[in-house]
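Okay, structure first, notes after.
The values are calculated or read from the model by the stated rules, or taken from the named source; none is laboratory data. Here the structure is a predicted model, which is why all the values come from computation and not from measurement. Please note: Cβ atoms are built from the backbone with ideal geometry, for glycine as well, and neighbour counts cover all protein chains shown.
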Amino acid sequence: MDHEILKIENLKRNFIVGSETVHALKGVSFNVEQGEFLTIMGASGSGKTTLLNILGCLDSPTEGTYLLDNISIASLPKNDLAKLRNQKIGFVFQSFNLLARTTAIENVELPLLYNPKVSAKERKERAIEALKAVGLEHRMDHKPNQLSGGQQQRVAIARALVNDPVMILADEATGNLDTKTTYEIMNLFQELNGKGKTIVFVTHEPDIAAMSKRTITLRDGLIIDDSVIKEPQKASKVLSEFLANNNIAQ
């Protein structure tokens, strides 16, 4: 392992609701090393979404420490948080979040529009490389409504890769996909992780978690389990078995 991408210490997040204080996170601590593939699991109300928002620099903790690539996010002003988020994190969402009237390559270019150091020529080149990395270079001029769900998610993953972030943060990224496409997308995540990408994947599905290298489980704002998975399920193998069992051509 090279270095810590995430360092979380005694993280707490409280919300004031009327006259009551809701303790969404009650003291969470864990680290994520470069090159890890971590899944975070938890039922509704476990604190999973609150933790995700803090990890994604969309929210700040009430107490505790969060270092992202050795930068403390707790005291950063909003503008600096937004800049850090854009440079360090690639987001992949359940609902893809693509711009409907925009081509695949233009969607992938979006994060680079906020980087004044990147020219229009370099922006396009990097977007093409990101689409190649997810196997979609042949669809770069298609709009989302001309793409399947799996292809749309691949565009979203390419968009997450284009800034070369230190971490990909995926929120239920297979939640809107059928079984075959889910395994294809998980295979892609495993390939990216094999190339050194650090991935934090939020899911409620145990079979998805089984394809990662480590799983943290939350309940009532606390970590109740943090387990290393010695032999993660290979998504490519699971996909082949699924296709064979259902007589579906590859």
Exercise. Does region 148-165 hold any residues that are over 29 Å from SER44 (Cβ atoms) and buried (at least 18 other Cβ atoms within 10 Å of the Cβ), and which are they?
Worked result: GLN151, ALA158, LEU161, VAL162, ASN163
Exercise. If you check ASN31 against the conditions, is it touching a Lys or Arg at 6+ places or on another chain (Cβ under 6 Å) and surrounded by 13 or more Cβ atoms within 10 Å (Cβ to Cβ)?
Worked result: yes
Problem set entry | ASP178 of a type outside the set (Ser, Thr, Tyr) and in contact with a helix residue (DSSP H, G or I) (Cβ under 9 Å, 6 or more places away or on another chain) | yes
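So which of GLU20, GLU9 is at pLDDT 95 or above and among the charged types (D, E, K, R)?
Values: GLU20 fails: at pLDDT 95 or above.
Of GLU20, GLU9, the one residue that is at pLDDT 95 or above and among the charged types (D, E, K, R) is GLU9.
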Problem set entry | Checklist (1) touching a residue at least 40 places away in the same chain (Cβ under 8 Å); (2) within 15 Å of ALA170 (Cβ to Cβ) applied to THR181, failing item | (1)
For this session: Look at region 210-243 and say how many of its residues are under 15 Å from the mean Cα position of the chain (by Cα) and at pLDDT below 95.
Result: 0
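Of all residues in region 181-191 being closer than 14 Å to PHE37 by Cβ and in contact with a helix residue (DSSP H, G or I) (Cβ under 6 Å, 6 or more places away or on another chain), which is surrounded by the most Cβ atoms within 10 Å (Cβ to Cβ)?
Here is the first cut: in region 181-191, the residues closer than 14 Å to PHE37 by Cβ are 185-191.
After this cut, where a residue has to be in contact with a helix residue (DSSP H, G or I) (Cβ under 6 Å, 6 or more places away or on another chain) as well, the list is 185-187, 190.
Details: ILE185: 24, MET186: 26, ASN187: 17, GLN190: 20.
Per the stated criteria, the residue is MET186.
Return the total of residues in region 44-60 being more than 30 Å from GLU191 (Cβ to Cβ), outside any helix (DSSP H, G or I) and modelled with pLDDT of 90 or more. Reasoning before the result, please.
Here is the first cut: in region 44-60, the ones more than 30 Å from GLU191 (Cβ to Cβ) are 44-45, 47, 50, 59-60.
Add one more test, that the residue is outside any helix (DSSP H, G or I), and what stays is 44-45, 47, 59-60.
Still in the list and also modelled with pLDDT of 90 or more: 47.
The total comes to 1.
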For this session: Output the residues belonging to region 101-142 that are surrounded by fewer than 21 Cβ atoms within 10 Å (Cβ to Cβ), closer than 17 Å to LEU188 by Cβ and among the small types (Gly, Ala, Ser).
Result: ALA133, GLY135
Exercise. Listed residues ASP80, ASP69, ASP59; which is of a type in the set (Asp, Glu) and on the phi > 0 side of the Ramachandran plot?
Worked result: ASP69
Exercise. Looking at this structure, is LYS124 touching a residue at least 12 places away in the same chain (Cβ under 8 Å) and closer than 21 Å to ASN86 by Cα?
Worked result: yes
Seminar exercise, completed: Residue hits (region 128-142; assigned to a loop (DSSP other than H, G, I, E, B), within 11 Å of ILE105 (Cβ to Cβ) and of a type in the set (A, V, I, L, M)) are LEU136, MET140
Exercise. Which of (1) surrounded by fewer than 21 Cβ atoms within 10 Å (Cβ to Cβ); (2) within 17 Å of the chain's Cα centre (by Cα); (3) of a type outside the set (A, V, I, L, M, F, W, C); (4) in a helix (DSSP H, G or I) is the odd one out, the single condition ASN145 does not satisfy?
Worked result: (2)
Exercise. Which one of these does ILE73 not meet: (1) without any contact (Cβ under 8 Å) to a residue 60 or more places away in the chain; (2) among the hydrophobic types (A, V, I, L, M, F, W, C); (3) surrounded by 18 or more Cβ atoms within 10 Å (Cβ to Cβ); (4) out of contact with any strand residue (DSSP E or B) (no Cβ under 7 Å at 6 or more places or on another chain)?
Worked result: (4)
Exercise. For ALA209, which of the numbered conditions (1) in contact with a helix residue (DSSP H, G or I) (Cβ under 9 Å, 6 or more places away or on another chain); (2) touching a residue at least 12 places away in the same chain (Cβ under 8 Å) fails to hold?
Worked result: (1)
Problem set entry | Tabulated pairs, region 147-162, first within 21 Å of THR179 (Cα to Cα), second among the polar types (S, T, N, Q), C-beta under 7 angstrom, 6+ apart or interchain | GLY149/ASN176; GLY149/THR181; GLY150/THR181; VAL155/ASN107; ALA156/ASN97
For this session: Give the residues of region 61-78 that are closer than 17 Å to ASN14 by Cβ, in a strand (DSSP E or B) and not acidic (Asp, Glu), sorted by residue number.
Result: GLY64, THR65, TYR66
Exercise. Given the conditions (1) touching a residue at least 12 places away in the same chain (Cβ under 8 Å); (2) over 26 Å from ASN79 (Cα atoms), which single one is not true for LYS195?
Worked result: (1)
